[in-house]
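I have placed the structure first, in the form of structure tokens, so that the comments after it can refer back to it.
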Amino acid sequence: MDLWTQIELIPIAFHLNTLVSDKYFIGVYRRTIRKTTCILTMNKPYHFIGYWGLISQTEQEKFNNIIKNISTTSYKFQKQETWGILYLGVKQIPSSTNINQGLIASLSAGGIPNQSDAWVTVEKNCLSLGRETFGRVPLYWTQFNQTIWFASQFQLLLPLIKNPKINFLSLSGYTSFSYIPTPITPVEDIKAISPGTEQTWQLNSSLEQLAEKRLFQWHSLPKVIGDEETAIRQLQILLKKTVEEQLLDLGDEPVGIFLSGGLDSSIIAALLVQAGLKVRAYSLDFGIEENSELIYAQEVAQFLKIPLIKVPATAKQVKKALLATVKALDLPFGDGVTVPLYLLGQAASQETAIIFNGEHGDQLFAGWTNKPLIAASIYQGENSFTQEYLNTFHRLYGYEEQVFQLSVYKQVKLYNLDEWLKEALCESFSSCFLDRLRRANLMLKGSQNIQPRATNVAFAHGLWIRSPFCNLSLAEWTFGVAGELFLKGACEKYILKKAVESWLPSEIVWRKKRGMGVPLTQWCLSSLWSTLGYWLNPHKLQSEGIFNPDIAKKIILGQLSGQIRGRRIGEILWLLLMWEVWRTEVFREQVSAKSLYNPFWLPYRGWKILSSLSGDK
């Protein structure tokens, strides 16, 4: 009995919390020159794991072991001579596949017809794995001898690896960016397909990995729009068209919008209302009035006459949802917004299956984070531009010797982070400095971090996630607009604000950008203090052998750097905490034995008193 016959007889149990209830469709990523069509018939999502090549009996046994440890009553599989694929979470073969044309898997983050965000194709003696340029859906692979294994989730491939080892390069990337840049993953033997690329293997007498193909490049257009009225008129048309294209498959069912109170999500909410949809807005309530964005979300909802659901995101709720969020994220993501986003999705999934957001607006229209880099380019200091860009992540770049234990530091220091930024910051694609910055932000902060984490969190709750700013026509248009229309004096995103100023209250359009104020430092030094003590206590860190055991103490007491203070304290502590939780909940590493020595038994106020008495500063 072969592997796939065995699978047919096994009631599969798929227990991963990241399965979703979304629609997936076959699609065409415009730049692949792949011409496929499909009629929408599926209303269920799926994840998948499969192989291609010459599979051995040993590898079949590995796959059988995976089947024994996963759980769902809904599954299907397909196989041919050189490949097999198991679809998890479906009751019939997904309509997003087209075996006759070689498309054996295709996922869409938003369930939009004729859109593939990640795909797997088999043509003759070749396998290709690809992703669209905005990075909405992740895709992973690993190789054993003459066989390539691929999956839509990192966690699906992990059980295949015997004695998996942490990739030290991923540690360097994670502590510098708060995510792990592709094509690496946290484990040495598993790789990720980079956004906007396609990787192909060829099987003849042996398996050969061909050169990676870049499907698309962000670049300045030769014809530049400098007239403000022309740009406003064209942008208004593009924004409306972009949203309308994402509504063609929708009926009368209500849709949701994650409404932060910022400009970008407010624009999408306004366009959805203009299109006549039943819209429900969901906003975070941190329970803290200081720097709260909730009042602006309420103002937008009232102006648009849509219901606003306030989603509590207190330290108590965050602590309760922490482990589930880490599992849903699949890979470690260290931004403090991840658990609040999980809570938003949890609330929205009770009332809708489709959620919209305003993600990528800052990356396209040169949001507020560009200002420090523009200043740095004018007043060149000792740091290179690459170093200045790395500093915009506000994580632990430059502190590696203080962060890692000696054995790990010796490995980490061998890596040059500039290589990750080299292509994104390449000047040859940009005719102006602002285009260069926007290109880098789209390739690094957008497609590597914002989009995949948003998709993973939404999928965990059965939500389709649609990001209208991730539209190739709109995005390409922005690279043909003069830089002074993006940043006019001290006003960022100027042309976008001018285009939508009649759609929203003036205060929302023209107010100063603040960003989502997740009160991480306040939480970490009070309500989440015991949680920090569990995950970051010195004995645990010492035994794990990665982070210096006193790293949390140095951060909290301001001993690591004078630059890490205020909100940055919470951000860095959260970065480390998320890695530690990921190691236990996803990587499945055993938590080290407890020790009587745990300084977190003493509250933060006690730390401050002892620090002042001992003279520590």
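The values are calculated or read from the model by the stated rules, or taken from the named source; none is laboratory data. Keep in mind that what you see is a predicted model, and the values were worked out from it rather than measured. Cβ sites come from the backbone with ideal geometry, for glycine too, and all protein chains shown count toward neighbours. Each accessible area value is taken on the protein alone, full model and side chains, heavy atoms only, with ligands, DNA and RNA left out. Shrake-Rupley method; radii C 1.70, N 1.55, O 1.52, S 1.80 Å.
With +1 assigned to the C-beta of every Lys and Arg and -1 to the C-beta of every Asp and Glu, and no other charges, what is the dipole magnitude of the chain about the Cα centre in debye, to the nearest 20? Present the calculation step by step, with values, prior to reporting the outcome.
Numbers: 62 positive and 54 negative charges, 156 e Å.
In debye, rounded to 20, the chain gives about 740.
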(message) Pairwise over distinct Cα atoms, reciprocal of the mean inverse distance: report the Kirkwood radius of the stretch 228-510 in Å, one decimal place.
(response) 20.4 Å
(message) Given Cβ point charges of +1 (Lys, Arg) and -1 (Asp, Glu) and nothing else, what value in debye, to the nearest 20, does the dipole of the stretch 47-214 about its Cα centre take?
(response) 300 debye
(request) Pick out, from Q92, A301, A211, the residue whose Cα sits farthest towards the positive end of the charge dipole of the chain, with +1 on the Cβ of Lys and Arg and -1 on the Cβ of Asp and Glu. (result) A301
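Show me 435-441, 245-251, 565-571 ranked by packing, highest mean number of other Cβ atoms within 10 Å first. Each step should come with its number before you reach the end.
Working: 435-441: 24.4, 245-251: 14.3, 565-571: 16.6.
Order by mean packing, descending: 435-441, 565-571, 245-251.
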(request) Positive end of the charge dipole of the stretch 51-143 (Lys, Arg +1 and Asp, Glu -1 on Cβ, about the Cα centre): tell me which of L139, Y75, F63 has its Cα farthest that way. (result) Y75
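Tally up the carbon and sulfur contribution to the accessible surface of the stretch 47-214 as a whole percent, 1.4 Å probe, everything protein left in place. Mind showing how you got there, number by number?
Details: 2540 of 5800 Å².
Of the solvent-accessible surface of the stretch 47-214, carbon and sulfur hold 44 percent.
Could you please report the charge total around E423, scoring K, R as +1 and D, E as -1 over all other residues with beta-carbon less than 10 angstrom from its beta-carbon?
On the way: positive: R214, K422, R439; negative: E419.
That sum, taken over residues with Cβ under 10 Å, equals +2.
How much space per residue, in cubic angstrom, does the convex hull of the C-alpha atoms of the stretch 47-214 take up? Could the numbers behind the result be given before it?
Working: hull volume 22.0 nm³, N = 168.
Cα convex hull per residue, to the nearest whole number: 131 Å³.
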(request) Calculate the spin-label point distance for I161 paired with S506, positioning each point 7 Å from the Cα along the beta-carbon direction, and give it in nanometres. (result) 5.6 nm
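How large is the convex hull of the C-alpha atoms of the stretch 520-614 per residue, in Å³? Intermediate values should be presented prior to the final figure.
Values: hull volume 9.4 nm³, N = 95.
Here the figure is 98 Å³ per residue.
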(message) Can you report the principal axis dimensions of the stretch 513-568 using only the alpha carbons, biggest first, rounded to whole angstrom?
(response) 42, 24, 17
(request) Using a 1.4 angstrom probe on the protein heavy atoms only, line up K512, K319 by accessible area, largest first. (result) K512, K319
(request) May I ask you to list the residues of the stretch 286-309 whose amide nitrogen lies under 17 Å from a point 7 Å from Cα along the Cα→beta-carbon direction of K278? (result) 305-309
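So how much slack lies between E229 and N64, counting 0.36 nm per residue of separation and subtracting their Cα-Cα distance, in nm? The partial results should precede the final answer.
On the way: separation 165, 0.36 × 165 = 59.40 nm, distance 6.24 nm.
Answer, rounded to one decimal: 53.2 nm.
Which entries of K445/K513; K278/K305; K327/K513; K241/K498 show an alpha-carbon separation above 20 angstrom in the structure shown? If you can, show how the numbers build up before the last one.
Details: K445/K513 18 Å; K278/K305 11 Å; K327/K513 31 Å; K241/K498 18 Å.
Violating the 20 Å limit, Cα to Cα: K327/K513.
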(message) Give me the mean projected area, in nm² to one decimal, of the convex hull enclosing the Cα positions of the chain.
(response) 28.1 nm²
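Counting helices only, and only those DSSP H runs with n ≥ 4, report the 222 nm mean residue ellipticity of the chain as the sum of -39,500 (n - 2.57) divided by its residues, in deg cm²/dmol to the nearest 500. Mind dumping the intermediate values first?
Working: 26 runs with 228 residues, N = 617.
When only DSSP H runs of four or more count, the value is -10500 deg cm²/dmol.
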(request) Subtract the Cα-Cα distance of I93 and E401 from 0.36 nm times their separation in residues, and report this length gain in nm to one decimal. (result) 105.8 nm
(request) Could you compute the FRET efficiency for Y597 and K413, with r as their C-beta to C-beta distance and R0 at 25 Å, rounded to 0.05? (result) 0.30
(message) In the stretch 228-510, if the dipole is taken from +1 on Lys/Arg beta carbons and -1 on Asp/Glu beta carbons about the Cα centre, which of A321, G361, T478 is farthest to the positive end?
(response) A321
